[in-house]
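A.B. asks: Let me begin by handing over the structure; questions about it come next.
Quick note: the coordinates plus some simple rules give every number you see, no bench work behind them. It should be emphasised that the depicted structure is a prediction, and the values quoted were computed from it without experimental measurement. Cβ sites come from the backbone with ideal geometry, for glycine too, and all protein chains shown count toward neighbours.
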Amino acid sequence: MTDAMIEARNIAKHFGKTRALAGLSFDVARGTVLGLLGPNGAGKTTMIRVLTTLLRADAGQARVAGFDVVADGQRVRSVIGLAGQYAAVDELLTGRENLELVGLWYHLPRREYRRRAVEILELLSLTDAADRRVMTYSGGMRRRLDIGASLIGNPPVLFLDEPTTGLDPRTRNDLWRFVRDLVDDGTTVLLTTQYMDEAEHLADRIVVIDKGIQIAGGTADELKTQTGGATLEARVADPRDIERVAALLASAAGAQPRSDAGARLVSVPAGAGTGLLLDAGRRLQEAGIALDDLGIRRPTLDEVFLSLTGAASQEGAGSPEAETAK
Amino acid sequence: MTSLPPSGLPIPVPRLTPFLALRDFGGVAKRNLLRSVRTPQLLLYTLEPVMLLLIFRYIFGGAIKAPDYTEFVVPAIFLITVVVGAMTSAIGIAEDLKSGMIDRFRSLPMARSAVLTGRSLTDLVRNLISLAVMVGLGVAVGFRFHSDAGPILLGMLLILAFGYSFSWMNTAIGISAKDPESAQNAAVGPVFILMFASNAIVPASTLPGWLQPFARNQPLSVTVSAVRALFEGSAAAHDAWVSLAWSAGITVVFFLTSYVLYQRAAAR
């Protein structure tokens with residue numbers, strides 16, 4: 001028995017000789033958001049297409065809300081909503097017509113889909129544009145309508161395929177809040193994204209994939225700790241000091257520092273944390289080196305992502321953890 | 001873990017009944033009709049037969065030797081109206097595949113056949129309307145029916161059935177095409193051949209000898225012959241049956257072809 005609303009086991013898919021998915025497994029618990037993160041071509045959209053019954057996997061098994069995506073496709077489709085980067089709404093119809101038709105195809109009674117359409121238009125601030133053709137909408141309005149269309153059947157499971165790609169920061173924030181509210185009300189969401197801040201804001205758990213396989217997984221914090229942890233950074237006032245600082249930090253930290261002459265920056269893994277900061281500060285002061293900045297910095301999820309996917313792209317070049325974390 | 005444990009999530013989900021499937025078809029047809037009313041290019045397809053009627057009646061009509069050219073050509077123009085109207089199927093389905101709408105449709109619990117069947121129903125409704133307009137126009141330029149309501153109705157039915165079978169042929173063309181433009185180009189070919197290598201515009205006896213067997217027996221010619229006979233009140237049973245057989249055959253073959261092509265195209 002399980003409470004997972006989305007369950008995937010060893011999903012594999014080839015297109016000709018290209019391996020799009022190479023055995024991907026994860027669960028998404030009811031009322032949570034899983035962020036599927038990966039570079040372009042990692043297999044994110046393919047995975048969404050398998051789970052939404054648009055594409056049949058070559059191998060593996062997947063269930064949505066307990067229904068097998070192959071054997072029970074029809075029932076899967078009635079409990080899911082799908083919205084994506086391509087905003088599949090009909091340009092020649094009005095916003096309201098789009099929503100009402102999708103409601104009809106979810107097999108809601110007429111009165112019910114008309115009421116839901118009004119509600120959703122209001123919720124997504126599209127009421128004023130409700131009876132205008134979608135071709136007059138801005139990109140952000142289209143995307144909102146697309147998400148609205150995926151919600152009209154009140155689906156307990158929502159698939160969002162790069163929902164905010166190309167949106168301005170404000171619209172994006174609004175959408176994030178909106179999705180968060182849905183999740184608080186019990187909706188389960190699978191989100192694909194290329195944006196780390198989006199994953200960090202929305203996802204309870206993150207699965208990073210590249211070339212169709214999982215290369216890391218966990219909460220945002222866990223991922224940050226897994227891939228390197230904190231670094232000590234010193235920015236020198238005079239670029240000529242860079243080599244001396246590098247040598248000092250190397251002996252303080254017992255690790256190989258990285259220097260960036262252009263940014264006047266030397267950084268070194270800070271396994272020992274605050275102790276190292278104080279020690280390094282003392283040594284630099286004794287050496288009489290003028291600094292613009294000195295501090296411990298936690299990695300951003302962006303850096304985690306780059307280090308993960310960068311490392312996966314150059315297989316056999318040694319363990320990525322060994323390079324960044326030691 | 002290689003396979004999933006038994007599921008513990010009993011979510012009640014209604015089954016897809018024939019009634020709901022019909023409602024899905026209706027929804028698709030409504031959407032397509034709204035789209036075509038709002039697409040000026042597609043309205044041209046309705047105007048095209050009007051132009052043809054006027055051109056053949058008033059421009060070529062004088063030069064073509066036939067006892068009464070108006071009586072001869074107007075039933076053929078009726079048929080050409082629905083055949084040209086069915087070309088919107090090719091363009092429409094190609095547009096939907098290109099724009100990603102098909103993915104949305106296929107992710108919904110609607111009947112899987114609704115996209116294609118709804119498309120052909122759209123054409124049927126639109127053809128019904130254009131046929132009514134063309135009948136009015138035909139009478140205005142001097143065409144007269146010489147039979148009772150029964151045969152007239154039967155003739156109209158043959159015309160609509162033939163148009164319906166062409167909707168399915170064009171659906172298959174539209175799915176195979178890469179984009180709406182090439183769909184349109186591909187759809188024009190068959191219409192052109194069937195329209196001119198036939199007894200529709202000129203009597204088949206005036207065509208070159210080698211072309212006559214084809215021109216007399218191809219489906220559009222047979223249907224034109226049946227419809228002419230039905231409208232002038234002469235014996236039409238043989239041609240009518242052959243025409244119906246063609247329409248049914250074309251419908252079945254291209255329904256199945258479209259369905260297979262659609263499953264494959266949509267899963268790309």
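A.B. asks: For the charge dipole of chain B, defined by +1 on Lys and Arg C-beta atoms and -1 on Asp and Glu C-beta atoms about the Cα centroid, which residue among B:47, B:187, B:137 has the Cα displaced farthest towards the positive pole?
C.D. replies: The residue sitting most towards the positive pole is B:187.
A.B. asks: Another question about this same structure. For peptide B:105-115, what's the mean number of Cβ atoms from other chains within 10 Å of each residue's Cβ?
C.D. replies: 6
A.B. asks: Could you work out how far helix A:139-151 tilts from the main Cα principal axis of chain A, as a 0 to 90 degree angle to the nearest 10?
C.D. replies: The two axes meet at around 60 degrees.
A.B. asks: By how many degrees, between 0 and 90 and to the nearest 10, does the Cα long axis of helix A:242-253 differ from the longest principal axis of chain A?
C.D. replies: 80 degrees
A.B. asks: Quick one: if the Förster radius is 35 Å, what FRET efficiency do residue A:59 and residue A:244 give, using the C-beta to C-beta distance and rounding to 0.05?
C.D. replies: Once the sixth-power term is evaluated, E becomes 0.05.
A.B. asks: Still on this structure: At q = 0.22, 0.28 Å⁻¹, what log₁₀ I(q)/I(0) does the stretch B:63-122 have when each alpha carbon counts as one equal point scatterer in the Debye sum?
C.D. replies: Listed by q, the Debye log ratios stand at -0.89, -1.13.
A.B. asks: Quick one: helix B:18-37 against the long Cα principal axis of chain B, what's the angle to the nearest 10°, folded into 0 to 90?
C.D. replies: Helix B:18-37 sits roughly 60 degrees off the main axis of chain B.
A.B. asks: For A:95-108, what's the mean count of beta carbons from other chains sitting within 10 Å of each residue's beta carbon?
C.D. replies: If you average over the peptide's residues, the count of other-chain Cβ atoms is 4.
A.B. asks: I'd like the mean, over residues of B:18-30, of how many other protein chain beta carbons sit within 10 Å of each residue's own Cβ.
C.D. replies: Rounded to a whole number, the mean comes out at 2.
A.B. asks: Here's something else I'd like to know. Rounded to the nearest 0.05, what FRET efficiency do residue B:146 and residue B:15 give with R0 = 60 Å and r taken as the Cβ-Cβ distance? Could you check? Please report the intermediate quantities before stating the final value.
C.D. replies: Details: r = 52 Å, r/R0 = 0.87.
FRET efficiency, residue B:146 to residue B:15: 0.70.
A.B. asks: Let me ask you something else. Does the protein assembly as shown come out rounded, prolate or oblate by the C-alpha gyration tensor, with a ≥ b ≥ c the root eigenvalues, rounded set by a/c under 1.5 and, if not, prolate when a/b is larger than b/c and oblate if not?
C.D. replies: Prolate, since a/c reaches 1.5 and a/b exceeds b/c.
A.B. asks: Here's something else I'd like to know. Checking the table A:17/A:44; A:13/B:178; A:13/A:211; A:17/A:211 against a 22 Å threshold on Cα-Cα, which pairs fail?
C.D. replies: Over 22 Å Cα-Cα: A:13/B:178.
A.B. asks: Please report the net charge: other residues with Cβ closer than 11 Å to the Cβ of residue B:72, K and R +1, D and E -1.
C.D. replies: 0
A.B. asks: According to a simple spin-label model (label point 7 Å from Cα along Cα-to-Cβ), what is the distance in nm between residue B:129 and residue A:115?
C.D. replies: Spacing of the two 7 Å Cα→Cβ label points: 3.2 nm.
A.B. asks: Could I ask something else about it? Let me know the charge dipole size of chain A about its Cα centre in debye, to the nearest 20, where only the beta-carbon of Lys, Arg (+1) and Asp, Glu (-1) is charged.
C.D. replies: Numbers: 39 positive and 44 negative charges, 154 e Å.
Dipole about the Cα centre, nearest 20: 740 debye.
A.B. asks: If a/c stays under 1.5 just call it rounded; otherwise compare a/b with b/c (prolate if a/b is bigger, oblate if not). Do that for the stretch B:111-209, with a ≥ b ≥ c from the square roots of the Cα gyration tensor eigenvalues. The partial results should precede the final answer.
C.D. replies: Working: a/c = 2.37, a/b = 1.33, b/c = 1.78.
It is oblate, given that a/c is not under 1.5 and a/b is not larger than b/c.
A.B. asks: Separate question: By counting other Cβ atoms within 10 Å of each Cβ, how are A:111, A:298 ranked from fewest to most?
C.D. replies: A:111, A:298
A.B. asks: Also, quick follow-up: By how many nm would the segment from residue A:302 to residue A:3 lengthen if fully extended, with 0.36 nm per residue of separation less the alpha-carbon distance?
C.D. replies: Numbers: separation 299, 0.36 × 299 = 107.64 nm, distance 3.12 nm.
Full-extension gain reported as 104.5 nm.
A.B. asks: If you don't mind, there's one more thing I want to ask. Could you list B:165, B:147, B:107 in order of exposure, starting from the residue whose Cβ has the fewest other Cβ atoms within 10 Å?
C.D. replies: Ordered by Cβ neighbours within 10 Å, fewest first: B:147, B:107, B:165.
A.B. asks: For residue B:30, which aspartates and glutamates qualify as cross-link partners when the Cα separation must be under 12 Å and same-chain residues fewer than eight apart are set aside?
C.D. replies: Partners within reach: A:97, A:100, B:123.
A.B. asks: What fraction of the Cα pairs in chain A, stated in percent, has a spacing above 28 angstrom?
C.D. replies: I get 51 percent for the Cα pairs in chain A exceeding 28 Å.
A.B. asks: Which value, in debye to the nearest 20, gives the size of the charge dipole of the protein assembly as shown about its Cα centre, when Lys and Arg are +1 and Asp and Glu are -1 at the Cβ?
C.D. replies: Roughly 1400 debye, rounded to the nearest 20.
A.B. asks: While we're here: Once you have a ≥ b ≥ c as the square roots of the Cα gyration tensor eigenvalues for chain B, tell me rounded if a/c is under 1.5, and otherwise prolate or oblate according to whether a/b is larger than b/c.
C.D. replies: Prolate, because a/c is 1.5 or more and a/b exceeds b/c.
A.B. asks: Once Lys and Arg get +1 and Asp and Glu get -1 on their Cβ, which of B:64, B:246, A:113 lies farthest toward the positive end of the dipole of the protein assembly as shown?
C.D. replies: So the residue we want is B:64.
A.B. asks: Which semi-axis lengths, in whole Å and largest first, follow from the square roots of five times the eigenvalues of the Cα gyration tensor of the stretch A:107-176?
C.D. replies: 21, 16, 10
A.B. asks: Let's test the formula: R0 of 35 Å, r as the Cβ-Cβ distance of residue B:51 and residue B:264. What FRET efficiency results, to the nearest 0.05?
C.D. replies: For residue B:51 and residue B:264, the calculated efficiency is 0.40.
A.B. asks: Of A:217, A:266, A:59, which is farthest along the charge dipole of chain A in the positive direction, counting Lys and Arg as +1 and Asp and Glu as -1 at C-beta?
C.D. replies: Positive-end residue among those listed: A:59.
A.B. asks: A further question follows. What distance in nm separates the simple spin-label points at residue A:258 and residue B:60, each placed 7 Å from Cα in the Cβ direction?
C.D. replies: For the pair residue A:258/residue B:60, the computed spacing is 7.5 nm.
A.B. asks: For q = 0.12, 0.20, 0.23, 0.25 Å⁻¹, what log10 I(q)/I(0) does the stretch B:86-154 give under the Debye formula with an equal point scatterer on each alpha carbon and no solvent?
C.D. replies: -0.51, -0.87, -1.03, -1.13
A.B. asks: Let me ask something else. With a 10 Å Cβ neighbour count serving as the proxy for reagent exposure, in which order, fewest first, do A:89, A:304, B:202, B:133 appear?
C.D. replies: Ascending Cβ contact count within 10 Å gives the list B:133, B:202, A:304, A:89.
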